[in-house]
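Trainee: Pasting a structure below so you can have a look.
The values are calculated or read from the model by the stated rules, or taken from the named source; none is laboratory data. Keep in mind that what you see is a predicted model, and the values were worked out from it rather than measured. When we count neighbours, we look across all protein chains shown, and the Cβ atoms used for this are built from the backbone with ideal geometry, even at glycine. These area figures cover heavy atoms from the full protein model, side chains too; ligands, DNA and RNA do not enter into them. Shrake-Rupley method; radii C 1.70, N 1.55, O 1.52, S 1.80 Å.
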Amino acid sequence: YIIEKPIKLIELFAGIGSQAKALKNLNLDFEHYKVIEFDKFAIASYNAIHGTSFEPLDITKITAKDLNIVDTDKYEYIMTYSFPCQDLSIAGKGAGMKKGSDTRSGLLWEVERILKESKELPQILLMENVPQVIGKKNFKDFRKWQLFLEKLGYSNYFELLNAKDYSIP
């Protein structure tokens, strides 16, 4: 996939903006378009790191209309979603990400709701999480997620990356 239009970055579960930082490190020109992060301390850090002025927002209280994905013929929308890993991580409680489970990791399905509401879809989706998202316990739910994306017309590709291979913690 070749990006040929101006990039508008939408970060769901943005944290301090590691995806935006990665795009900067790749020397890509992009607009910090929308940032959804409910933790006030994380959003304060995001703003300090990236020179932005976003306010905390709860993904369960926004709609597709709030993301304002328009003119996809003129802009390349990249939407990232690093949903909470606490219920997937081996350091967590292993509660999983099943749809309707009311777990923090189950917030993935808020992304489904938003995509279903969208009149225009982001051209690129990027999900980041812990390896257990595709582990034995969670793979069935991960596969449901992939099938949903395929029904929307997306192609799926995933790879396990080890941060130590990139000199980061």
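Trainee: Somewhere in the stretch 4-13, is a residue under 25 Å from Ser105 (Cα atoms) and open to solvent by 40 Å² or more (accessible area, probe 1.4 Å)? Step through it out loud before you land on a result.
Mentor: Step one: of the stretch 4-13, the residues under 25 Å from Ser105 (Cα atoms) are 9-13.
Add one more test, that the residue is open to solvent by 40 Å² or more (accessible area, probe 1.4 Å), and what stays is none.
Scanning the stretch 4-13, I find no residue that is under 25 Å from Ser105 (Cα atoms) and open to solvent by 40 Å² or more (accessible area, probe 1.4 Å), so the answer is no.
Trainee: Scan the stretch 19-37 residue by residue and report those that are in contact (Cβ under 8 Å) with a residue 24 or more places away in the chain, open to solvent by less than 70 Å² (accessible area, probe 1.4 Å) and more than 12 Å from Glu76 (Cβ to Cβ).
Mentor: Matches in the stretch 19-37: Gln19, Ala20, Lys34, Val35, Ile36, Glu37.
Results for (1) in contact with a Pro (Cβ under 8 Å, 6 or more places away or on another chain); (2) among the basic types (Lys, Arg); (3) more than 18 Å from Tyr33 (Cβ to Cβ), shown as yes or no for each residue.
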residue: Ala64; (1), (2), (3): no, no, no
residue: Leu88; (1), (2), (3): no, no, yes
residue: Lys93; (1), (2), (3): no, yes, yes
residue: Leu108; (1), (2), (3): no, no, yes
residue: Lys116; (1), (2), (3): no, yes, yes
residue: Gln132; (1), (2), (3): no, no, yes
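Trainee: Here's another thing I want to ask about it. State all residues of the stretch 71-81 that are open to solvent by 20 Å² or more (accessible area, probe 1.4 Å) and not β-branched (Val, Ile, Thr); if no residue qualifies, say none.
Mentor: Residues of the stretch 71-81 open to solvent by 20 Å² or more (accessible area, probe 1.4 Å): 71-75.
Residues satisfying the conditions are Asp71, Asp73, Lys74, Tyr75.
Trainee: Consider Gly96 carefully, then state whether it is open to solvent by less than 20 Å² (accessible area, probe 1.4 Å), more than 26 Å from Glu4 (Cα to Cα) and not aliphatic (A, V, I, L, M).
Mentor: On the way: open to solvent by less than 20 Å² (accessible area, probe 1.4 Å): yes; more than 26 Å from Glu4 (Cα to Cα): yes; not aliphatic (A, V, I, L, M): yes.
Yes: the conditions hold for Gly96.
Trainee: Restricting attention to the stretch 133-169, which residues are under 20 Å from Gly100 (Cα atoms), open to solvent by 100 Å² or more (accessible area, probe 1.4 Å) and outside any helix (DSSP H, G or I)?
Mentor: Correct list: Lys136, Lys137.
Trainee: Test of understanding: among Leu88, Leu57, which residue is touching a helix residue (DSSP H, G or I) at 6+ places or on another chain (Cβ under 9 Å), hydrophobic (A, V, I, L, M, F, W, C), assigned to a loop (DSSP other than H, G, I, E, B) and free of Cβ contacts under 8 Å to residues at least 24 places away in the same chain?
Mentor: One residue alone meets the criteria, Leu57.
Trainee: Quick one: would you say Leu107 is among the hydrophobic types (A, V, I, L, M, F, W, C) and either open to solvent by less than 80 Å² (accessible area, probe 1.4 Å) or touching a residue at least 12 places away in the same chain (Cβ under 8 Å) (or both)?
Mentor: The answer is yes for Leu107.
Trainee: Something else now. Scan Ser118, Ser45 and give me the residue that is open to solvent by 20 Å² or more (accessible area, probe 1.4 Å), modelled with pLDDT of 95 or more and more than 30 Å from Lys140 (Cβ to Cβ).
Mentor: Result: Ser45 is the single residue among Ser118, Ser45 that is open to solvent by 20 Å² or more (accessible area, probe 1.4 Å), modelled with pLDDT of 95 or more and more than 30 Å from Lys140 (Cβ to Cβ).
Trainee: Something else: Name the pairs whose Cβ atoms lie under 9 Å apart, with the first residue in the stretch 139-159 and within 12 Å of Leu115 (Cα to Cα), the second open to solvent by 100 Å² or more (accessible area, probe 1.4 Å) and of a type outside the set (D, E, K, R), and 6 or more positions between them or separate chains?
Mentor: If the second residue must be open to solvent by 100 Å² or more (accessible area, probe 1.4 Å) and of a type outside the set (D, E, K, R), the pairs left are Leu149/Ser155.
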